[in-house]
1. Is there a residue being touching a helix residue (DSSP H, G or I) at 6+ places or on another chain (Cβ under 6 Å) and more than 22 Å from Glu291 (Cα to Cα) anywhere in region 259-270?
2. Which of the residues that make up region 300-322 are buried (at least 20 other Cβ atoms within 10 Å of the Cβ) and of a type in the set (Lys, Arg)?
3. Looking at (1) among the small types (Gly, Ala, Ser); (2) at pLDDT below 90; (3) touching a Ser or Thr at 6+ places or on another chain (Cβ under 9 Å), can you tell me which one Ser131 breaks?
4. If I ask for residues that are acidic (Asp, Glu) and closer than 19 Å to Ala105 by Cα, which ones from region 138-169 would you list?
5. Could we say that Ser169 is farther than 27 Å from Phe224 by Cβ and in contact with a helix residue (DSSP H, G or I) (Cβ under 8 Å, 6 or more places away or on another chain) here?
6. Of the residues that make up region 398-409, is at least one small (Gly, Ala, Ser) and either modelled with pLDDT of 80 or more or more than 16 Å from the chain's Cα centre (by Cα) (or both)?
7. Give me the pairs: first residue in region 425-450 and closer than 23 Å to Arg229 by Cα, second residue aromatic (Phe, Trp, Tyr), beta-carbon distance under 7 Å, and six or more apart or on different chains, which are they?
Amino acid sequence: MRQLIDDDLNHQNGDGSLSFKPADGQIRSAKKTPHHSTPLNATDFFIASKLSEINSLKYFLEMGQLIVMVSDLIHALQKERGASNLYIGSKGQHFDEQLTEYINAADQRVTEFHAVLKSINSHVNAHAGNSRLLNRIAYTLHTLASLPQFRAQVRQLSIQSDDVITVYSETISGLLSIVFETADAAIDPTIARILVALFNLMHGKELAGCERAVGVAGFSARQFSAQQRGRLQFLIEGQDRCFELFREFADPASGLLWEQYTHSFHVAEIERLRRVALIDHPQMIEPEVYEQWFGLLTQHIDNLKTVELGLQLHLQQLCLQRVSDAQKMLTQQQDMIDTLSTHTDDTFVVLLSHSHMPNLSTSNAQDYYQSEGIGPKLGRSVFELVQNQAHSLQQMQDELTAARTAIEEKKIQEKAKLLLMKNNKLSEDQAHKLLRQMAMDQGKRLSEITRTIVDMAQNFHK
């Protein structure tokens, strides 16, 4: 059995053997097999399969700590972005104290983010297939390191409001990609669904933060440019898509809390001010509206954060429960194998699937469980365990399909958008609008259009 991350699961004995420590606390030894001993049998690899499952679940339990820290850091940066825009909009006359407070809070979250990364560094590096995740973390650390220089520009009023939005948004985008890559690697379907829901909730919340910033810029100027109106429309539509996916994959309690918030008074007021901002030829906007807008969107974002916290707690509890269930199951199965292995028999068994022997009836199937080194009772039991494990893994794979489809469609959409932006020199808003227009003109789903664009680009470069 291979050694697990958690020291409680394995123990190195003085004689060089390995011991498995199940949930009941009893240590069972598995001597290292000399080269001349009996070869490893099905039970060895069955146990290894269960241990591998526990390893993966424990890994996502640790990643849950990182996701919580990412969430808190994003929320702090969103507050800092809002205050920075208000500070610039007032020409540095207002919001100085609030900005200082938010910067200090964000710096504290950055410190905590580094601490969590340090605590899980070895496990993240050791986990197979993490190259994309590690690359996202590297990018995020790079953008966070540039924050002090950028903040100095804000204080000096030497940067435009649109550039402020861009800098913060790129940093937050890097943090969101960490959550996205974590969801993409999930092997437990229930955990994968919660991670997909959490990513889309966090992404929608970030788009709401961007909407707050764009709205502050327009309302403080007392009018919106065509570019700002287009940006607002893009952000509103993006939130609708994110929250739709959130509702599809979230647990019932989180979904119910979300519904309660969407019917609140402040959401209705946000809709009213959105209509004011999106009018093509609006009258001059009252100067105090931008503060009202900022307060409403801040309340909305804080409410989304509350839903986010509930979803994070659900994720942590789910991971703990999955680890506990897997450990208990392994203990029970190990007990059965240990008990049956003491009942020797003159015959031996082989693990055969009935699908490979279609003429084998249930009544005489036991006569054919023959192989070297395992008695019939143990052979039948291991056979059932292996079949159950295979069935469980297949069921998990089937349930993962929906979550993976949502993740894959998101990847393809981003690739298609980047291709249009690069080849046609479009902004992100323009590229998204073009994709939607193509989907409507051709009567196809947006995912079909984006897949076609990406496939054509790949074929062109072959």
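The values are calculated or read from the model by the stated rules, or taken from the named source; none is laboratory data. Just so it is clear, the structure is predicted and the values come from calculations on it, not from any experiment. Ideal geometry is used to build each Cβ from the backbone, glycine not excepted, and the neighbour counts take in all protein chains shown.
1. Our first condition is that a residue be touching a helix residue (DSSP H, G or I) at 6+ places or on another chain (Cβ under 6 Å); within region 259-270, this holds for 261, 266, 269-270.
After this cut, where a residue has to be more than 22 Å from Glu291 (Cα to Cα) as well, the list is none.
No, region 259-270 contains no residue that is touching a helix residue (DSSP H, G or I) at 6+ places or on another chain (Cβ under 6 Å) and more than 22 Å from Glu291 (Cα to Cα).
2. Once the filter is applied, which keeps residues that are buried (at least 20 other Cβ atoms within 10 Å of the Cβ) and of a type in the set (Lys, Arg), region 300-322 yields only Arg322.
3. Result: Ser131 fails condition (3) only.
4. Initial filter on region 138-169 (acidic (Asp, Glu)): 162-163.
Listed by number, the list is empty, since nothing qualifies.
5. Working: farther than 27 Å from Phe224 by Cβ: no; in contact with a helix residue (DSSP H, G or I) (Cβ under 8 Å, 6 or more places away or on another chain): yes.
No.
6. Initial filter on region 398-409 (small (Gly, Ala, Ser)): 402-403, 406.
Narrowing the set further to residues that are either modelled with pLDDT of 80 or more or more than 16 Å from the chain's Cα centre (by Cα) (or both) leaves none.
No, region 398-409 contains no residue that is small (Gly, Ala, Ser) and either modelled with pLDDT of 80 or more or more than 16 Å from the chain's Cα centre (by Cα) (or both).
7. If the second residue must be aromatic (Phe, Trp, Tyr), the pairs left are Asp429/Phe234; His432/Phe234.
Every residue, every condition in (1) under 30 Å from Val276 (Cα atoms); (2) among the acidic types (Asp, Glu), yes or no:
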site: Ala115; (1), (2): no, no
site: Tyr139; (1), (2): no, no
site: Phe150; (1), (2): no, no
site: Asp162; (1), (2): yes, yes
site: Ile165; (1), (2): yes, no
site: Phe180; (1), (2): no, no
site: Leu198; (1), (2): no, no
site: Leu201; (1), (2): yes, no
site: Val214; (1), (2): yes, no
